[in-house]
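The values are calculated or read from the model by the stated rules, or taken from the named source; none is laboratory data. All of these numbers come straight from a predicted model, not from anything done at the bench. With ideal geometry, Cβ positions are generated from the backbone for all residues, glycine too; neighbour counts draw on all protein chains shown. These area figures cover heavy atoms from the full protein model, side chains too; ligands, DNA and RNA do not enter into them. Shrake-Rupley method; radii C 1.70, N 1.55, O 1.52, S 1.80 Å.
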2 protein chains.
Amino acid sequence: MGEMTERWEERKLQAWNRMWEDLHIGYLDEDILDVLVEIFLRPGLYPKSSCSGRITVIDSEYPWAKEDTMTIFKKHAPVTVEEVDAVARKPFAHRLWLSAQGPIYHVYAQDVDAASELLAAAREAGFKHSGVMVLGSMPLVELRTGIRGDLLLATRRHRILDGDALREAVAVVNDILAQAKERNRRLLAALRRRRPPRLWGPAVEKARELGIL
Amino acid sequence: MGEMTERWEERKLQAWNRMWEDLHIGYLDEDILDVLVEIFLRPGLYPKSSCSGRITVIDSEYPWAKEDTMTIFKKHAPVTVEEVDAVARKPFAHRLWLSAQGPIYHVYAQDVDAASELLAAAREAGFKHSGVMVLGSMPLVELRTGIRGDLLLATRRHRILDGDALREAVAVVNDILAQAKERNRRLLAALRRRRPPRLWGPAVEKARELGIL
């Protein structure tokens with residue numbers, strides 16, 4: 001086993017152990033555990049910092065939050081009118097955005113071939129904004145859909161979404177979130193169809209437990 | 001000159017001629033002509049289907065329009081309350097979204113090194129969702145920012161943005177568009193800082209005319 005391969009295995013095993021720790025602590029977005037394990041099954045890939053899709057309320061001039069501090073509400077499941085209304089009634093500094101975001105996966109690849117194979121599956125599953133973000137000895141692949149919606153909830157002068165409009169808006173972001181979650185199912189299916197003959201040992205047992213193998 | 005290089009030169013020249021045709025017809029988004037010429041100056045890159053940022057109104061269940069037919073209004077410059085209001089008063093089929101989108105560039109690279117160099121400049125300029133979309137003999141690079149905003153303008157049951165709320169919303173999308181346009185300036189500056197010693201002949205004269213060389 002060459003030095004590069006050894007280093008790859010070491011990092012992959014670290015990421016694998018970290019995932020189970022995160023699950024234990026409650027950090028991990030459990031909705032995509034099966035997708036993450038399916039990615040781990042490939043010897044040449046491992047995922048990092050992934051999200052299955054979420055609804056947030058952001059206090060920011062613009063709907064792209066630069067810091068976590070701007071995200072004043074976050075949920076990986078459907079929201080209620082009451083939840084959003086409660087957040088909107090608190091004081092805020094800039095503008096409030098009610099956002100729904102599609103899934104994002106960051107995956108390290110051992111080489112360009114492994115990255116290409118993943119991109120092909122991603123495209124099949126409707127992750128149309130996917131690409132290799134960092135080239136080099138360990139390409140970093142981002143899988144991303146076009147799924148999103150950033151609804152202006154309030155400015156400091158004016159509460160934009162209230163009453164009927166808020167009810168409609170909450171239905172819309174929940175609907176977008178459902179689309180997002182479904183895309184994860186499509187990714188899982190596309191990856192399973194392209195499963196390689198040789199699998200990564202440590203993930204095999206867990207994949208059986210999850211019923212994907 | 002090898003066959004691969006010859007084919008690259010031929011395609012690049014085609015794209016170059018096409019750009020000036022598009023400009024003549026009025027298809028080209030003139031705001032980014034200097035950025036496009038700056039990309040053409042590199043022997044190993046040429047841009048295709050790029051957009052400097054725009055404001056649209058989309059008639060669709062979701063703010064990501066799959067077909068051009070869903071885009072019922074499009075402008076690469078600030079919009080007025082009256083323009084948006086007029087669009088919102090016409091009948092529509094699904095939901096109306098008032099969207100602002102950041103710049104997008106699609107650039108072909110002659111090889112992985114040329115793609116990497118472009119990605120480095122893009123990251124410097126705040127195009128943080130950039131990546132190589134298609135690997136292979138002619139990598140396709142997408143440069144993309146996180147700049148966006150999709151405001152729910154109306155559902156079939158309810159006009160969400162009207163009166164004061166619409167005035168606020170128009171100010172916000174114009175503000176987002178200004179951010180988008182500024183990012184093009186940053187990209188131009190980042191590319192100029194990283195200009196290679198050898199330039200692509202046909203673009204040199206045009207670059208001088210545009211004052212970027």
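So, residue B:48, is that one among the basic types (Lys, Arg) and part of a strand (DSSP E or B) or not?
Criteria met by residue B:48.
Only one of these is more than 9 Å from every other protein chain (Cβ to nearest Cβ) and not hydroxyl-bearing (Ser, Thr, Tyr): A:115, A:93. Name it.
Just a single option satisfies the conditions, and that option is A:93.
The single condition from (1) within 27 Å of residue B:170 (Cβ to Cβ); (2) open to solvent by less than 30 Å² (accessible area, probe 1.4 Å) that residue A:131 fails is (1). Taking each residue of the stretch B:180-197 that is over 23 Å from residue B:56 (Cα atoms) and looking for partners that are among the basic types (Lys, Arg) with beta-carbon atoms closer than 7 Å, six or more apart or interchain, yields B:196/B:42. When the residues of the stretch B:68-84 are filtered to those that are assigned to a helix (DSSP H, G or I) and in contact (Cβ under 8 Å) with a residue 40 or more places away in the chain, which remaining residue is nearest to residue B:27 (Cα to Cα)? Only one residue tops the list, namely B:84. Of the residues making up the stretch A:45-74, those that are open to solvent by less than 60 Å² (accessible area, probe 1.4 Å), away from chain B (no Cβ under 14 Å) and among the small types (Gly, Ala, Ser) are A:50, A:52. Run down B:109, B:189 and say which single residue is small (Gly, Ala, Ser), modelled with pLDDT of 95 or more and farther than 17 Å from residue A:133 by Cβ. Unique residue meeting the criteria: B:189. Of the residues A:201, A:163, A:211, the single one that is more than 9 Å from every other protein chain (Cβ to nearest Cβ), closer than 22 Å to residue A:95 by Cβ and open to solvent by 10 Å² or more (accessible area, probe 1.4 Å) is A:163.
Could you tell me which residue of the stretch B:37-71 is nearest to residue B:211 (Cα to Cα), considering only residues that are in contact with a helix residue (DSSP H, G or I) (Cβ under 6 Å, 6 or more places away or on another chain) and among the aliphatic types (A, V, I, L, M)? Among them, the one singled out is B:37.
Considering (1) at pLDDT below 95; (2) at negative phi, the lone condition that residue B:43 does not fulfil carries the number (1).
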